[in-house]
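Could you have a look at this structure, given as structure tokens, before my questions?
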């Protein structure tokens with residue numbers, strides 16, 4: 001396995017052909033180095049040039065999250081809804097706050113919000129619409145003409161129709177159309 005030795009500064013370094021090593025031999029040689037380092041005995045001749053020390057470099061946020069998520073092994077830790085966050089989502093939804101803004105308040109994504117809080121989002125929206133519709137209905141019943149018109153246009157599908165009729169001249173003669181082209 002050791003093909004030859006290189007002399008560098010009067011120290012012999014073995015060069016190992018890694019392609020000929022089996023997985024067991026590879027892990028055994030690494031374990032030997034780790035044991036020697038733990039014992040404080042590091043013989044320069046036992047170190048090889050086959051594994052140069054590498055700096056791990058900066059750790060990105062994604063890698064950092066992956067290191068801290070024992071449940072899945074990678075990614076952000078899963079969101080865990082509780083009664084406080086469920087109430088907060090319902091309250092914000094019931095006053096018309098957008099899903100994106102609710103997600104920002106909780107510090108989660110839009111998809112996570114919808115995944116874990118769909119019932120609170122729907123119930124908040126429905127309850128808010130019911131309260132407003134009830135108030136509008138009471139206003140219409142009390143004689144508020146604008147509320148009546150709005151109610152009929154939205155709930156009864158009434159609409160204002162404007163029709164334009166061309167019936168001719170007031171004396172009954174036909175309408176004459178004169179085309180002006182700009183050329184005589």
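The values are calculated or read from the model by the stated rules, or taken from the named source; none is laboratory data. All of these numbers come straight from a predicted model, not from anything done at the bench. Counting neighbours? That spans all protein chains shown, and the Cβs are built from the backbone with ideal geometry, glycine included.
Given the condition closer than 25 Å to residue 132 by Cβ, surrounded by fewer than 11 Cβ atoms within 10 Å (Cβ to Cβ), at pLDDT 95 or above and assigned by TED's automatic domain parsing to the domain that holds residue 130, answer yes or no: does some residue in the stretch 82-97 qualify?
yes
Would you pick out the residues in the stretch 57-81 that are touching a helix residue (DSSP H, G or I) at 6+ places or on another chain (Cβ under 7 Å) and either in a helix (DSSP H, G or I) or at pLDDT 95 or above (or both)?
The answer is 81, and nothing else.
Continuing with the same structure: Applying the selection to the stretch 143-165, what residues are outside any loop (DSSP other than H, G, I, E, B) and within 41 Å of the chain's Cα centre (by Cα)?
Once the filter is applied, which keeps residues that are outside any loop (DSSP other than H, G, I, E, B) and within 41 Å of the chain's Cα centre (by Cα), the stretch 143-165 yields 147, 150, 151, 152, 153, 154.
Moving on to the next point. Just wondering, is there one or more residues in the stretch 83-93 that are within 16 Å of the chain's Cα centre (by Cα) and touching a residue at least 12 places away in the same chain (Cβ under 8 Å)?
No, that holds for no residue.
Each row is one residue, and each column tells you yes or no for (1) at pLDDT 95 or above; (2) surrounded by 14 or more Cβ atoms within 10 Å (Cβ to Cβ); (3) in contact with a strand residue (DSSP E or B) (Cβ under 9 Å, 6 or more places away or on another chain).
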{"site": "119", "(1), (2), (3)": "yes, no, no"}
{"site": "144", "(1), (2), (3)": "yes, yes, no"}
{"site": "149", "(1), (2), (3)": "no, no, no"}
{"site": "169", "(1), (2), (3)": "no, no, no"}
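A follow-up question, please. From the list 102, 108, 180, exactly one residue is under 25 Å from the mean Cα position of the chain (by Cα) and not in a helix (DSSP H, G or I). Which is it?
When all the criteria are applied, what remains is 108.
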